Amino acid sequence: MKDKDFHCCATCRHFKIEKKSVGITYFCSRLGYETKTNYKFDCWNPKEQVIKLLNKRNSGIS
């Protein structure tokens with residue numbers, strides 16, 4: 001079974017969703033430009049919920 005990869009923009013604290021009249025855009029508040037949910041950058045700073053999932057996975061708890 002392959003491990004889940006949590007490292008992506010959608011799981012980062014800087015990831016913002018902007019609802020506009022023409023649709024939804026995804027934005028990185030740190031980098032200052034539009035992104036996509038599955039993009040990966042070195043500045044990734046996971047959300048608290050993701051940190052808990054990573055800790056749970058690393059401790060071997062199912």
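Points to keep in mind about this one:
- For the chain, Kirkwood radius (reciprocal of mean inverse C-alpha pair distance, Å): 12.8 Å
- Over the chain: helical MRE at 222 nm, DSSP H runs n ≥ 4 each giving -39500 (n - 2.57), nearest 500: -5500 deg cm²/dmol
- Point-charge dipole on Cβ atoms (K/R +1, D/E -1) for the chain, about Cα centre, debye to 20: 160 debye
Quick note: the coordinates plus some simple rules give every number you see, no bench work behind them. Just so we're clear, the structure is a prediction, and the values are computed from it rather than from any experiment. Ideal geometry is used to build each Cβ from the backbone, glycine not excepted, and the neighbour counts take in all protein chains shown.
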